[in-house]
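Asks: Structure in structure tokens, see below.
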């Protein structure tokens with residue numbers, strides 16, 4: 001049974017939670033505590049799947065509690081349930097809270113958010129790797145991108161489209177900005193998936209705070225040794241090519257913008273694994289070369305998880321739509337997610353296959369994708385074009401003049 005810990009120093013609110021969630025007792029083992037100190041004691045004695053905490057509490061507030069939780073119980077999913085949304089506190093919570101829910105909150109909504117977070121554990125079943133993701137406070141941004149963003153925002157004549165262009169050139173920055181803008185802090189009528197919309201909605205002040213916060217954006221550690229095929233610039237170039245191709249294949253579809261975004265984020269799991277598990281990644285790369293197998297298969301052998309699942313798990317914790325998680329999680333193995341129509345996953349999987357094939361001469365055999373995605377797969381999902389047309393669109397999208405705006 002799943003273990004869920006609730007923390008609030010208002011006795012009436014805590015009792016209200018207990019009563020309203022009484023029906024969930026058949027699927028969750030719930031513990032309700034009245035302060036952060038008691039919550040820390042609970043985290044030391046039991047492996048909780050989820051912690052839900054208020055923000056404003058005496059002595060130790062919600063952000064401080066989540067910081068302790070991230071260190072002592074990194075596999076625990078961290079949720080803030082609060083009516084307090086001052087911008088300075090938002091910035092404190094950005095690297096600590098996976099989800100933010102505004103008070104007042106209907107029981108059905110709270111239960112839905114917790115249940116969706118718990119379902120993510122089925123996507124990434126290895127507890128050790130979930131703990132790796134849970135420890136992450138920041139994802140590395142390319143030094144060049146980080147510098148450009150700070151310089152641009154300092155200009156008085158900077159435009160939202162210019163800021164969006166810089167942000168979308170890096171997967172980590174893109175993911176974190178979307179994480180923030182789609183959180184309950186900003187009470188959106190519907191999710192934002194276009195970067196320029198996010199910049200306009202957040203405003204330059206919030207973007208500047210995010211950019212200057214070392215907890216959110218950090219330059220890729222220069223001392224970090226990574227294999228040549230996984231240098232940040234090369235990973236980002238590949239992500240941009242897949243994104244452009246996916247956008248081209250989705251032309252005319254209402255989810256074309258989401259295809260562009262999913263392409264940008266599809267390999268974000270590499271940023272996590274290279275930063276947090278460099279030794280295991282080196283072993284996986286060596287194994288892939290020795291056995292002449294795809295790298296994601298070698299990752300499964302060494303880590304019991306793949307970069308695709310790791311990336312999807314993190315994006316799920318941040319609240320991105322399930323269709324995007326699916327596209328990221330299964331971009332190498334789309335046949336594991338049965339579909340009867342050409343959708344977001346299909347667009348990213350086909351773009352990944354075509355792009356990797358075109359790049360094969362520039363990468364190791366292990367890194368090249370050998371997924372059986374081709375004409376038969378395209379026909380099975382009812383794509384409105386042939387494989388030859390898909391290849392033509394994908395290759396055409398990679399010319400500079402045909403890149404879509406983010």
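Asks: Determine whether residue 116 is without any contact (Cβ under 8 Å) to a residue 12 or more places away in the chain and on the phi < 0 side of the Ramachandran plot.
Replies: Spelling it out, it is not the case that residue 116 is without any contact (Cβ under 8 Å) to a residue 12 or more places away in the chain and on the phi < 0 side of the Ramachandran plot.
Asks: Filter the stretch 164-203 down to residues that are modelled with pLDDT of 80 or more, farther than 27 Å from residue 237 by Cβ and not in a helix (DSSP H, G or I), then give me how many there are.
Replies: Residues flagged as modelled with pLDDT of 80 or more, farther than 27 Å from residue 237 by Cβ and not in a helix (DSSP H, G or I) within the stretch 164-203 amount to 1.
Asks: Tell me yes or no: at least one residue of the stretch 74-96 is in contact with a strand residue (DSSP E or B) (Cβ under 9 Å, 6 or more places away or on another chain), surrounded by fewer than 17 Cβ atoms within 10 Å (Cβ to Cβ) and in a loop (DSSP other than H, G, I, E, B).
Replies: Within the stretch 74-96, one or more residues are in contact with a strand residue (DSSP E or B) (Cβ under 9 Å, 6 or more places away or on another chain), surrounded by fewer than 17 Cβ atoms within 10 Å (Cβ to Cβ) and in a loop (DSSP other than H, G, I, E, B).
Asks: Now, a different point. Residue 304 - would you say it is modelled with pLDDT of 90 or more and over 21 Å from residue 243 (Cβ atoms)?
Replies: For residue 304, the condition - modelled with pLDDT of 90 or more and over 21 Å from residue 243 (Cβ atoms) - is met.
Asks: Of the conditions (1) closer than 24 Å to residue 129 by Cβ; (2) in a strand (DSSP E or B); (3) within 22 Å of the chain's Cα centre (by Cα), residue 101 fails just one. Which one is it?
Replies: With respect to (1) closer than 24 Å to residue 129 by Cβ; (2) in a strand (DSSP E or B); (3) within 22 Å of the chain's Cα centre (by Cα), residue 101 is out only on (1).
Asks: Only one of 60, 55 is free of Cβ contacts under 8 Å to residues at least 40 places away in the same chain, in the same structural domain as residue 14 (by TED's automatic domain parsing) and in contact with a strand residue (DSSP E or B) (Cβ under 6 Å, 6 or more places away or on another chain). Can you tell me which? Break it down into steps so the answer makes sense when it comes.
Replies: Numbers: 60 fails: in contact with a strand residue (DSSP E or B) (Cβ under 6 Å, 6 or more places away or on another chain).
Every option except 55 fails the conditions.
Asks: Looking only at the stretch 104-113, filter to residues that are outside any loop (DSSP other than H, G, I, E, B) and in contact (Cβ under 8 Å) with a residue 12 or more places away in the chain; which one of those is farthest from residue 178 (Cα to Cα)?
Replies: 107
Asks: Is it true that residue 256 is without any contact (Cβ under 8 Å) to a residue 24 or more places away in the chain and touching a helix residue (DSSP H, G or I) at 6+ places or on another chain (Cβ under 9 Å)?
Replies: When the stated conditions are applied, residue 256 passes them.
Asks: In addition: (1) assigned by TED's automatic domain parsing to the domain that holds residue 208; (2) in a loop (DSSP other than H, G, I, E, B); (3) touching a residue at least 12 places away in the same chain (Cβ under 8 Å): which one isn't true of residue 153, the others all being true?
Replies: Going through the list (1) assigned by TED's automatic domain parsing to the domain that holds residue 208; (2) in a loop (DSSP other than H, G, I, E, B); (3) touching a residue at least 12 places away in the same chain (Cβ under 8 Å), residue 153 breaks only (2).
Asks: Would you confirm, using the coordinates I've provided, whether residue 23 is in a loop (DSSP other than H, G, I, E, B) and either in the same structural domain as residue 175 (by TED's automatic domain parsing) or farther than 30 Å from residue 173 by Cα (or both)? Walk me through how you get there before you give the answer.
Replies: Details: in a loop (DSSP other than H, G, I, E, B): no; either in the same structural domain as residue 175 (by TED's automatic domain parsing) or farther than 30 Å from residue 173 by Cα (or both): yes.
For residue 23, the condition - in a loop (DSSP other than H, G, I, E, B) and either in the same structural domain as residue 175 (by TED's automatic domain parsing) or farther than 30 Å from residue 173 by Cα (or both) - is not met.
Asks: Here is a further query. Quick one: would you say residue 352 is assigned to a helix (DSSP H, G or I), in contact (Cβ under 8 Å) with a residue 40 or more places away in the chain and surrounded by fewer than 23 Cβ atoms within 10 Å (Cβ to Cβ)?
Replies: No: the conditions fail for residue 352.
Asks: List the number of the failed condition for residue 119; all other conditions in (1) assigned to a helix (DSSP H, G or I); (2) in contact with a helix residue (DSSP H, G or I) (Cβ under 9 Å, 6 or more places away or on another chain); (3) within 20 Å of residue 14 (Cα to Cα) hold.
Replies: That leaves (3) as the condition not met.
Asks: Moving to a separate point now. In the stretch 7-27, is there at least one residue being surrounded by 20 or more Cβ atoms within 10 Å (Cβ to Cβ), in contact with a helix residue (DSSP H, G or I) (Cβ under 6 Å, 6 or more places away or on another chain) and farther than 26 Å from residue 127 by Cβ?
Replies: yes
Asks: Hey, any hits in the stretch 97-115 for a residue that's at pLDDT below 80, over 25 Å from residue 269 (Cα atoms) and touching a helix residue (DSSP H, G or I) at 6+ places or on another chain (Cβ under 9 Å)?
Replies: No: the stretch 97-115 contains no residue that is at pLDDT below 80, over 25 Å from residue 269 (Cα atoms) and touching a helix residue (DSSP H, G or I) at 6+ places or on another chain (Cβ under 9 Å).
Asks: Does the stretch 361-382 contain any residue that is modelled with pLDDT of 85 or more, within 18 Å of residue 254 (Cα to Cα) and either out of contact with any helix residue (DSSP H, G or I) (no Cβ under 6 Å at 6 or more places or on another chain) or outside the structural domain of residue 50 (by TED's automatic domain parsing) (or both)?
Replies: So far as the stretch 361-382 goes, yes, one or more of its residues are modelled with pLDDT of 85 or more, within 18 Å of residue 254 (Cα to Cα) and either out of contact with any helix residue (DSSP H, G or I) (no Cβ under 6 Å at 6 or more places or on another chain) or outside the structural domain of residue 50 (by TED's automatic domain parsing) (or both).
Asks: Among the listed residues 293, 268, identify the single one that is surrounded by fewer than 20 Cβ atoms within 10 Å (Cβ to Cβ) and in contact (Cβ under 8 Å) with a residue 60 or more places away in the chain.
Replies: 293
The values are calculated or read from the model by the stated rules, or taken from the named source; none is laboratory data. Just so you know, these numbers come straight off a predicted model, no measurement behind them. Here Cβ is always computed from backbone atoms with ideal geometry, including for glycine, and neighbour counts include all displayed protein chains.
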